[in-house]
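A.B. asks: Can you read through this structure? Questions will come right after.
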Ligand SMILES: C[S@@+](CC[C@H](N)C(=O)[O-])C[C@H]1O[C@@H](n2cnc3c(N)ncnc32)[C@H](O)[C@@H]1O
């Protein structure tokens with residue numbers, strides 16, 4: 001495990017390197033969530049006591065990381081992972097009083113308006129946030145001047161068709177490109193997508209330098225330890241060398257008024273449409 005600890009401990013992510021390798025690997029649901037959360041948190045003004053929503057938190061590694069590192073309170077919301085297990089993980093990590101797990105669907109969030117100082121999402125926003133209506137909906141839960149920050153797997157250049165090296169089967173039989181990869185977008189795409197929203201300003205979008213390499217290295221660690229639940233994507237990432245694959249970070253500040261909540265099933269009644 002000493003070698004694995006060294007592999008997970010990167011000088012560019014000093015906070016992440018302090019977490020137990022077994023804990024990181026056994027609770028992972030994709031490319032190392034702690035490295036991505038640390039990169040995201042470097043761009044956010046996280047202060048003790050702030051209210052943070054971690055949307056699509058999975059097994060809540062990122063929620064626990066933010067609570068421990070910054071003393072923020074985190075509402076750890078996820079669809080697929082039960083909150084009971086996330087509560088036990090948070091308690092075991094010593095932040096049971098700062099992390100509040102719940103099951104929630106991203107279009108029906110059970111919070112009051114302007115509740116959060118910051119909303120974060122790591123490797124999850126691509127599943128629901130490519131809808132042009134979504135950021136407007138989400139922004140209602142942020143206080144004025146609050147921030148939303150996401151990290152998603154993304155494309156480093158636009159594509160019309162699937163690159164051949166990503167559709168050719170890997171030696172393990174897997175094909176890298178699955179339909180869900182169409183939710184990977186370029187930084188430019190995310191910038192334009194978020195700029196269409198009048199509730200948010202100060203939009204900053206960038207990419208993680210050599211992001212593909214972190215993703216590749218984490219896949220190799222999972223291969224070496226046998227901890228992955230899925231066949232490895234390492235060969236696809238190695239073929240790609242970051243030409244297309246990597247990570248995109250987007251940050252924005254809430255400055256405008258929220259519009260109508262178009263995901264609210266009661267909207268028809270409120271608006272008189274259903275009378
Ligand atoms: C790849 S996992 C990443 C989990 C975690 N953020 C991490 O990095 O370890 C994506 C997560 O997004 C969540 N998710 C997907 N669609 C969702 C939705 N509509 N509402 C809430 N969560 C969603 C899933 O439950 C899943 O845990």
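Every number here is computed from the coordinates shown, using simple stated rules; none is lab data. Not measured: the values here are computed from a predicted model. Positions of Cβ are backbone-derived with ideal geometry, glycine not excepted, and every protein chain shown enters the neighbour counts.
A.B. asks: With viscosity set to 0.692 mPa s and temperature to 37 °C, compute the Stokes-Einstein D of the chain, Rh being the Kirkwood radius across alpha carbon pairs; µm²/s, no decimals.
C.D. replies: 169 µm²/s
A.B. asks: Pop the C-beta distance of residue 241 and residue 114 into the FRET formula with R0 = 45 Å and round what comes out to the nearest 0.05.
C.D. replies: 0.55
A.B. asks: Quickly rank 102-111, 76-85 as a protection proxy: mean count of other C-beta atoms within 10 Å, highest first.
C.D. replies: 76-85, 102-111
A.B. asks: By how many nm would the segment from residue 225 to residue 7 grow when fully extended, if each residue of separation counts as 0.36 nm and the alpha-carbon distance is taken off?
C.D. replies: Taking residue 225 through residue 7 to full extension adds about 77.3 nm, to one decimal.
A.B. asks: Tell me the label-point distance for the pair residue 103, residue 264, using the 7 Å Cα-to-Cβ offset, in nm and rounded to one decimal.
C.D. replies: Rounded to a tenth, the inter-label distance reads 2.5 nm.
A.B. asks: In addition: Under the rule of -39500 (n - 2.57) per DSSP H run of 4 or more residues, summed and divided by the residues of the chain, what mean residue ellipticity at 222 nm is obtained, to the nearest 500 deg cm²/dmol?
C.D. replies: When only DSSP H runs of four or more count, the value is -8500 deg cm²/dmol.
A.B. asks: Share of antiparallel DSSP beta bridges in segment 2-270, in percent to the nearest 5?
C.D. replies: Taking every DSSP beta bridge within segment 2-270, about 45 percent pair in antiparallel fashion.
A.B. asks: Over the chain, what is the relative contact order in whole percent, taking alpha-carbon pairs under 8 Å and six or more residues apart?
C.D. replies: 18 percent
A.B. asks: For the chain, with a Gaussian network of springs between Cα atoms less than 10 Å apart, report the residue from 251, 203, 162 with the top mean-square fluctuation.
C.D. replies: Top of the fluctuation ranking is 162.
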